[in-house]
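Beneath this line is the structure, given in structure tokens, with notes to follow.
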């Protein structure tokens, strides 16, 4: 039976029966698995970083590229992925992205050198940049309005939270008992399962005719600019901020990013993002909030993981287990946000969640070298998890509010891109600040002081996000 879902309800066209017919339940399940896997991959390697460094002989600076290679290709190419999904079909792009992500994960698990692992992580990011916006656009168009939309985004946000938070636990257990390579291999069965669910449950959407070709030049410019920006900041441990090397690198990065904006404004191809989209206050505010939250959260995971292992001397599995209260807090916050979402404005939930998480990070910034998990980390972790859980569903709903169905993939990609770019830039800036504060003599005391500074800076970023939620965002009640 052929079914066409009209544009009036914000859904894409479904053209085939049988396997190609849309099944909302299976679509939601596929999107949930995809989001869990993508979020998991952002955090699963964190606890395994010391073992990865030892196993492949990474340098201290080089090790951060295990994170940056994924986050930057993911964030930099998300807009191209979103445009490609809108133009060529979300199901097609989702299936292709899942296949590429799974194969890259397999290759990363077999890596024998730093270069091979970083390359595999970069290809993972390319796959994620294709599958993530396609999946979120499918969720947006399958559940366009009402309570079904609130519930669907609640499930999405819970899986997003669970993947990000449980990734540290899973990574710790796998690293200690199976070896670091399994933090890469673990993605393979999940990608295969999501591929099967998507093949059977996602309706085949029609290719959108007309328009120009995707803006590959724009994708190259924004990704290259972000890579140079991060590279320039990371290298300040060897070349000071005023050195010709750093100034040249950062100037080139700014030039590339400026060129990207110019290309998006003047290109005859289909731009990665229509700049007029930012006149929508919900889109602008949601992405600004997401940029700040991504920077703070990625840095907090990094600092807390290193504090527990490097200062308190906890093993990888124990460290992963100690992130469980944070995971449970995020899931709890996500569930509460769904219930409160029927009565409170999304911007109110964002402001509340951002404030709670900022307070938690400021609290965690009081860590001491002679502290313990119970006294120094447990309370802040529960509070931070709950606060961040409040933010997940509202920010997604706001970022796609009032956006035409033809741009749903772009808006979804833009939100994910702001998070990934924020994570990479925030990690770079805060780790650099912490390293400078630590100084050349590395002791438990100096390390703790550096990590504490990083956590306090993260608190400031989230406080700024709460201000954005109050001052910029405007959204309808209950969505």
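The values are calculated or read from the model by the stated rules, or taken from the named source; none is laboratory data. Values in this document were obtained by computation on a predicted structure and should not be read as measured data. Note that we place each Cβ from the backbone using ideal geometry, even for glycine, and neighbour counts take in every protein chain shown.
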* To do: Determine which member of the set 426, 458, 471 is touching a helix residue (DSSP H, G or I) at 6+ places or on another chain (Cβ under 6 Å) and modelled with pLDDT under 90.
  => 426
* To do: Look through 76, 125, 108, 102 and report the one residue that is more than 26 Å from residue 274 (Cα to Cα), in contact (Cβ under 8 Å) with a residue 40 or more places away in the chain and crowded, with 24+ Cβ neighbours inside 10 Å.
  => 108
* residue 310 surrounded by 24 or more Cβ atoms within 10 Å (Cβ to Cβ) and in contact (Cβ under 8 Å) with a residue 60 or more places away in the chain -> no
* To do: State whether one or more residues within the stretch 319-336 are touching a helix residue (DSSP H, G or I) at 6+ places or on another chain (Cβ under 6 Å), modelled with pLDDT under 90 and part of a loop (DSSP other than H, G, I, E, B).
  => yes
* Structure fact -> If you go through 291, 247, 256, the only one that is modelled with pLDDT of 85 or more and in the same structural domain as residue 383 (by TED's automatic domain parsing) is 291
* From 69, 111, grab the single residue that is in contact with a helix residue (DSSP H, G or I) (Cβ under 7 Å, 6 or more places away or on another chain), within 29 Å of residue 49 (Cβ to Cβ), assigned by TED's automatic domain parsing to the domain that holds residue 192 and part of a helix (DSSP H, G or I). => 69
* Structure fact -> Those residues of the stretch 38-58 which are outside any helix (DSSP H, G or I) and within 16 Å of residue 70 (Cβ to Cβ) amount to 44, 45, 46, 47, 48, 58
* Those residues of the stretch 295-307 which are crowded, with 24+ Cβ neighbours inside 10 Å and farther than 18 Å from residue 462 by Cα, in sequence order -> 305, 307
* **Every residue from the stretch 374-406 that is assigned to a helix (DSSP H, G or I) and over 20 Å from the mean Cα position of the chain (by Cα)** => 374, 375, 376, 377, 378, 379, 380, 382, 383, 405, 406
* Asked: On the given criteria, is residue 188 at pLDDT below 85 and within 26 Å of residue 93 (Cβ to Cβ)?
  -> no
* To do: Return yes or no: is residue 296 under 30 Å from residue 444 (Cβ atoms), at pLDDT 90 or above and touching a helix residue (DSSP H, G or I) at 6+ places or on another chain (Cβ under 6 Å)?
  => yes
* Within the stretch 229-244, which residues are at pLDDT 85 or above and either touching a helix residue (DSSP H, G or I) at 6+ places or on another chain (Cβ under 8 Å) or outside any helix (DSSP H, G or I) (or both)? -> 243
* Here are some residues: 273, 263. Which one is in a loop (DSSP other than H, G, I, E, B) and farther than 23 Å from residue 461 by Cα? -> 273
* To do: Search the stretch 191-220 for residues that are under 30 Å from residue 263 (Cα atoms) and pair each with any residue that is in a loop (DSSP other than H, G, I, E, B) and at pLDDT below 65 when their beta-carbon atoms are under 6 Å apart and the residues are at least 6 apart or on different chains.
  => 205/12; 205/13; 206/13; 206/15
* To do: For the stretch 194-212, indicate whether the set of residues that are in a helix (DSSP H, G or I), at pLDDT 85 or above and either under 30 Å from residue 387 (Cβ atoms) or not assigned by TED's automatic domain parsing to the domain that holds residue 57 (or both) is non-empty.
  => yes
